[in-house]
Amino acid sequence: MAATMKKTVAEDVNVTFEDQQKINIFARNTSRITELKDEIELKKKELQNLEDACDDILMLEDSLLIPYQIGDVFISHSQEETQDMLEAAKKGLQDEIDSLQSSVESIQQVLGDLKVQLYAKFGNNINLEADDS
């Protein structure tokens, strides 16, 4: 009748200043990676808009002047000039996306290293997994 119950008792692990610094670095990098991913999504939407504009320009007549926005001002250009400007903007945006993605990858490496170190010391007493809510 006596049922044996196993109690899991959290081990008392001292958190040193260095451990707290690693946890803080982990939290900052997790926040930064979220911001970078959001920025990448915005840039991808902008890139898609530029690609759509390029497709629309291909359907126009050659004799039309096309307004192209630079800052707050619209400047009229020929179809060829506008396409060249859109291609340059697309290339610049793709370079920005690639740079952001390389930043995400480098931060993910740092996070991986920190996870190994922190889980090695704290085991199941620490949760470093992101909430998917």
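Any read-out appearing in this document is the output of simple, stated calculations on the displayed coordinates, not a laboratory observation. Small disclaimer: the values here were computed from a predicted structure and weren't measured. Methodologically, a virtual Cβ is constructed for each residue, glycine included, from the backbone with ideal geometry; neighbour enumeration extends over all protein chains shown.
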If you average 1/r across every pair of different Cα atoms in the range 5-133 and take the reciprocal, what Kirkwood value do you get, in Å? 18.8 Å
How far apart, in nm, are the 7 Å Cα→Cβ label points at D19 and N127? 1.9 nm
Linear extension gain, L65 paired with Q109, 0.36 nm per residue minus alpha-carbon span: 10.9 nm
